[in-house]
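Engineer: Before I ask anything, here is the structure I am working with.
The values are calculated or read from the model by the stated rules, or taken from the named source; none is laboratory data. What you see is a predicted model, and the numbers here were worked out from it, not measured in a lab. Neighbour counts are summed over all protein chains in view; Cβ atoms, including those assigned to glycine, are modelled from backbone coordinates with ideal geometry. Quick note on the areas: whole protein, heavy atoms, side chains included, nothing else; ligands and nucleic acids left out. Shrake-Rupley method; radii C 1.70, N 1.55, O 1.52, S 1.80 Å.
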Amino acid sequence: MKKIAVIPGDGIGIDVTEETLKILEVVKNFSTPIEWDVFDYGAEKYLATGITFPDEEMENFRNNYDAVFVGAVGDPRIPDMTHARDILLGMRFKLDLYVNYRPVKLYHEKLCPLKGKSTDDIDFVVFRENTEGMYAGTGGILKKGTADEVAVQTSINTRKGVERIIRFGFEYAKEHSKHTVTMTDKSNAMRFEGDLWQRAFYEVGEEYPDIEKQHWYIDALLMQMIKRPEQFDVIIAGNMFGDIATDLGGQIAGGLGLAASGNIHPGKVSLFEPVHGSAPKYHGKDVANPLAAILTAGIMLEHLGYPEWNEKIENAVRKAIETDNVPRDLGGNLGTRASGDYIVAALTE
């Protein structure tokens, strides 16, 4: 039995999670051994109790669950986003979820902003190092608020951290019969971390002689993602550059309404969340697009050992797009609940 901890979170996170649970019910009803518990961590709980995400719950998730699904967190009533930081970044760092996994897959040409690109042209994955780099939180401010103020933000890159994300990317390419692995950095300007990344990339790459290795500076990579996305199979990046590249990838594949992601530590409890935000002003209005959350559930199920369900969910979403049974942001006119119901019907046909 695979156990899932579900945190709907805030705003439309609650709405899209409700639709995602409909999908998990379908999966469970087809004799798939999964179960889940719902936890109410989010803005409302924080405002009422001051509790964000306690350490004992982190240990509960670590020891008793196989995956965590988060709808979305964030609320303007908490300007510093204390609760969101403790929930998301807390799990990423404390559970050592070093792989940020972002599939970039175009399901229909009509959703792509790039001229003349087909579903065959945009189908790759980006693996972003998720625990180091500029997002490690190392630095500080000296003489704040004065004319002499100095702000320092340090990028942390360890050989262990760099090598394991690179190896994960090569292993994924090998297991999924991908031909090319691309590493991106900015080593022409950030030469110390760039030196480590490039040495690790080519040294690890020697263990995979049948896979083509290529390197792009991040600015050139972004241009190539627009010009010739078909050349990419697997992209590996550091934390900040990977963050930028994956958002662009989401846009060329149809927008944030279809952008799924996972935060993974192989063999340990991992976190899955749609890429979009919580958009609290739309909560409860039946207008949010649940497809990114549903696709996220698909990659979570694949991670849990049920790849056939990820394929079935992708096919159902593809059918919804082809027939315009989608929300307004994708060209249809369905509400949140009707969109979820359509996917349920497609899965149970």
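Engineer: Taking region 196-218 on its own, how many of its residues are open to solvent by 80 Å² or more (accessible area, probe 1.4 Å) and either modelled with pLDDT under 95 or in a loop (DSSP other than H, G, I, E, B) (or both)? Show your work before the answer.
Structural biologist: If we filter region 196-218 for residues that are open to solvent by 80 Å² or more (accessible area, probe 1.4 Å), which is where we start, we get 199, 202-203, 206-207, 209-210, 212, 217.
So of that shortlist, the ones also either modelled with pLDDT under 95 or in a loop (DSSP other than H, G, I, E, B) (or both) come out as 206-207, 209-210.
Residues meeting the conditions: 4.
Engineer: Kindly establish whether residue 235 is among the aliphatic types (A, V, I, L, M) and over 30 Å from residue 17 (Cβ atoms). If you could, list the steps in order and put the result at the bottom.
Structural biologist: Values: among the aliphatic types (A, V, I, L, M): yes; over 30 Å from residue 17 (Cβ atoms): no.
No; evaluated as a whole, the condition is false for this residue.
Engineer: Can you find a residue that is modelled with pLDDT under 95, open to solvent by 60 Å² or more (accessible area, probe 1.4 Å), touching a helix residue (DSSP H, G or I) at 6+ places or on another chain (Cβ under 7 Å) and within 24 Å of residue 260 (Cα to Cα) anywhere in region 108-115?
Structural biologist: No, region 108-115 contains no residue that is modelled with pLDDT under 95, open to solvent by 60 Å² or more (accessible area, probe 1.4 Å), touching a helix residue (DSSP H, G or I) at 6+ places or on another chain (Cβ under 7 Å) and within 24 Å of residue 260 (Cα to Cα).
Engineer: Still on this structure, I have one more. Out of (1) within 22 Å of residue 6 (Cβ to Cβ); (2) in a loop (DSSP other than H, G, I, E, B); (3) open to solvent by 60 Å² or more (accessible area, probe 1.4 Å), what's the single condition that is false for residue 289?
Structural biologist: Exception for residue 289: condition (3).
Engineer: State yes or no: is residue 177 open to solvent by 20 Å² or more (accessible area, probe 1.4 Å), without any contact (Cβ under 8 Å) to a residue 24 or more places away in the chain and over 30 Å from residue 207 (Cα atoms)? Steps first, answer last, please.
Structural biologist: Working: open to solvent by 20 Å² or more (accessible area, probe 1.4 Å): yes; without any contact (Cβ under 8 Å) to a residue 24 or more places away in the chain: yes; over 30 Å from residue 207 (Cα atoms): no.
Against the criterion (open to solvent by 20 Å² or more (accessible area, probe 1.4 Å), without any contact (Cβ under 8 Å) to a residue 24 or more places away in the chain and over 30 Å from residue 207 (Cα atoms)), residue 177 does not qualify.
Engineer: Just to check your reading of the model, which residue among 110, 178, 115 is part of a loop (DSSP other than H, G, I, E, B), farther than 26 Å from residue 264 by Cα and basic (Lys, Arg)?
Structural biologist: Values: 110 fails: part of a loop (DSSP other than H, G, I, E, B); 178 fails: farther than 26 Å from residue 264 by Cα.
Exactly one residue qualifies, and that residue is 115.
Engineer: Another one. Specify which of the listed residues (273, 302, 308) is among the charged types (D, E, K, R), closer than 26 Å to residue 35 by Cβ and in contact with a Gly (Cβ under 8 Å, 6 or more places away or on another chain). Working first, answer last.
Structural biologist: Working: 302 fails: in contact with a Gly (Cβ under 8 Å, 6 or more places away or on another chain); 308 fails: in contact with a Gly (Cβ under 8 Å, 6 or more places away or on another chain).
Exactly one of 273, 302, 308 is among the charged types (D, E, K, R), closer than 26 Å to residue 35 by Cβ and in contact with a Gly (Cβ under 8 Å, 6 or more places away or on another chain), namely 273.
Engineer: For residues that are over 27 Å from residue 195 (Cα atoms), part of a helix (DSSP H, G or I) and not charged (D, E, K, R), scanning just region 223-281, find the one that is most open to solvent (accessible area, probe 1.4 Å).
Structural biologist: For region 223-281, the residue satisfying everything is 251.
Engineer: Please specify each residue of region 292-328 satisfying the condition of being touching a residue at least 40 places away in the same chain (Cβ under 8 Å) and surrounded by fewer than 16 Cβ atoms within 10 Å (Cβ to Cβ).
Structural biologist: 305, 318, 322, 328
Engineer: Another question, then. Among the residues of region 159-166, is there at least one that is surrounded by fewer than 15 Cβ atoms within 10 Å (Cβ to Cβ) and part of a helix (DSSP H, G or I)?
Structural biologist: Scanning region 159-166, I find at least one residue that is surrounded by fewer than 15 Cβ atoms within 10 Å (Cβ to Cβ) and part of a helix (DSSP H, G or I), so the answer is yes.
Conditions tested, residue by residue: (1) open to solvent by 50 Å² or more (accessible area, probe 1.4 Å); (2) in contact (Cβ under 8 Å) with a residue 40 or more places away in the chain; (3) outside any helix (DSSP H, G or I); (4) under 16 Å from residue 242 (Cβ atoms).
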residue: 140; (1), (2), (3), (4): no, no, yes, no
residue: 146; (1), (2), (3), (4): yes, no, yes, no
residue: 152; (1), (2), (3), (4): yes, no, yes, no
residue: 168; (1), (2), (3), (4): no, yes, no, yes
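Engineer: Right, next: Considering (1) touching a Gly at 6+ places or on another chain (Cβ under 9 Å); (2) open to solvent by 10 Å² or more (accessible area, probe 1.4 Å), say which one residue 104 fails and leave the rest.
Structural biologist: The failed condition is (2).
Engineer: Of the numbered conditions (1) in contact with a helix residue (DSSP H, G or I) (Cβ under 6 Å, 6 or more places away or on another chain); (2) part of a helix (DSSP H, G or I); (3) open to solvent by less than 20 Å² (accessible area, probe 1.4 Å), residue 184 satisfies every one except a single condition; which is it?
Structural biologist: (2)
Engineer: Would it be correct to say that residue 47 is touching a residue at least 60 places away in the same chain (Cβ under 8 Å), out of contact with any helix residue (DSSP H, G or I) (no Cβ under 6 Å at 6 or more places or on another chain) and not aromatic (Phe, Trp, Tyr)?
Structural biologist: Considered against the rule, which asks whether it is touching a residue at least 60 places away in the same chain (Cβ under 8 Å), out of contact with any helix residue (DSSP H, G or I) (no Cβ under 6 Å at 6 or more places or on another chain) and not aromatic (Phe, Trp, Tyr), residue 47 comes out as no.
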